[in-house]
Amino acid sequence: MKVLFIEYPKCSTCRKAKKWLEENGVDFTDRHIVEQKPTKEELKEVIEKSGLPIRKLFNTSGNVYKALNLKSKLDTLSEDEMLDILSSDGMLVKRPLLIGENFALVGFKEDAYTDILL
């Protein structure tokens, strides 16, 4: 099973997740979240496969999120508008994203990776 790993290489959580994938022999395609940002369609897929509300896809601790004052704006936006914002800048997306045929994980929790991949 090959999975898509979307990450920001300077992110310590992404580095931990990538190391875990490598150490556990998981076959993955690596993608830089800024250079090749997730598309609106990919983000919709993550929401469907993860079962998470769209708000959980926002990197709330990021500078771009804070600069755009999204904390106060999200309540007034539709899901489609939120997807437009998320797909506009990879730094707005919580990372890493791990996308498989029938699952998607947002962030890195070793237990979740273990449950789904091993």
Examine region 73-87 for a residue that is of a type in the set (Lys, Arg) and in contact with a strand residue (DSSP E or B) (Cβ under 8 Å, 6 or more places away or on another chain), and state whether such a residue exists.
no
Starting from region 37-52, keep only residues that are under 20 Å from Tyr8 (Cβ atoms), then list their pairs with residues that are among the hydroxyl-bearing types (Ser, Thr, Tyr) and in a helix (DSSP H, G or I) whose Cβ atoms are within a distance under 9 Å, requiring at least 6 positions of separation or different chains.
Lys37/Ser87; Lys37/Ser88; Pro38/Ser87; Thr39/Ser87; Lys40/Ser87; Glu42/Ser87; Leu43/Ser87
Check Lys66 against each of (1) farther than 22 Å from Leu118 by Cα; (2) surrounded by 14 or more Cβ atoms within 10 Å (Cβ to Cβ) and name the one condition it does not meet.
(2)
Of the conditions (1) under 14 Å from Ile85 (Cα atoms); (2) in a helix (DSSP H, G or I), Val46 satisfies every one except a single condition; which number is it?
(1)
Of the residues in region 55-99, how many are of a type in the set (Gly, Ala, Ser) and over 16 Å from Thr39 (Cβ atoms)?
5
Residues of region 5-27 being more than 19 Å from Asn59 (Cα to Cα) and touching a residue at least 40 places away in the same chain (Cβ under 8 Å), which ones?
Trp20, Leu21, Asn24, Val26
Would you check if there is a residue in region 69-82 being over 11 Å from the mean Cα position of the chain (by Cα) and closer than 19 Å to Glu7 by Cα?
no
Which members of region 8-43 meet the condition of being out of contact with any helix residue (DSSP H, G or I) (no Cβ under 9 Å at 6 or more places or on another chain), of a type outside the set (A, V, I, L, M, F, W, C), part of a helix (DSSP H, G or I) and closer than 25 Å to Met82 by Cα?
Thr13
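Every number here is computed from the coordinates shown, using simple stated rules; none is lab data. Not measured: the values here are computed from a predicted model. A quick note on method: Cβ atoms are made from the backbone with ideal geometry, for glycine too, and the neighbour counts reach across all protein chains shown.
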